[in-house]
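Down below is the structure, laid out as structure tokens.
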Amino acid sequence: MSATTDLTEPTVSTAEPAAADAQRRRIDLGRFRELSLVPAILVLGLIGFIVSPAFLTADNLIGVAQQSTELSLLVLATALILICGRMDLSLESTIGVAPVIAVWLVLPTSGARFTGLGLLPEWTAVPLCLLVGVVIGAVNGFLILKLRLNGFIVTLGMLTMLRGLQVALSEGQSIVELP
């Protein structure tokens, strides 16, 4: 029995490495789309500085950051939902109803413009807001993922229900002058 071996050397195409080098050297503009808003932000900052020299001061930038904290958290939550390939129309109503429920459970029944139940101490207001948001999100998640209901319909219905609850609890008034 004789064994045959292939002694021919494999041929290497010189066109492939050249094409790969050219492709590496070429600037792929698609990689930079994340940076496309940087020039616009810089131009807006420059215009703001020209209009008011106090625009780019540390105090002003800290104030802007403090005022946009809630919006930033809302945007992060929305981004997380969209990255997962889902949507949530009720997110804005959740942000509105959670503080109303917390204030309603914390404020006393008399002595304020907004009368609450006064069931819980004041320090529980912030954790209660978070808990309300988690419960609403869990209900939405259960209905959509476990019961396989349409996410658009579920979150649209939740949006409507939460807005109604918010108006009912606040009696259609803005809640201001909290202790």
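The packing ranking of peptides 159-172, 117-130, 85-98, 62-75, highest mean first, is 85-98, 159-172, 117-130, 62-75, where packing means the average number of other beta carbon atoms within 10 angstrom of each residue.
If R0 equals 35 Å, the separation of the Cβ atoms of SER72 and THR109 corresponds to a calculated FRET efficiency of about 0.50.
Based on the Cβ-Cβ distance from GLU92 to PHE55, what FRET efficiency comes out when R0 is 22 Å, to the nearest 0.05? The formula returns an efficiency of 0.15 here. Applying 1/(1 + (r/R0)^6) with R0 = 45 Å to the Cβ-Cβ distance of ARG33 and THR160 gives a FRET efficiency near 0.80. The slack between ALA79 and LEU145, meaning 0.36 nm per residue of separation minus the straight C-alpha distance, is 21.9 nm.
We did not get these values from a lab; they are worked out from the coordinates using the rules stated. These numbers come from a predicted model, not from an experiment. Ideal geometry is used to build each Cβ from the backbone, glycine not excepted, and the neighbour counts take in all protein chains shown.
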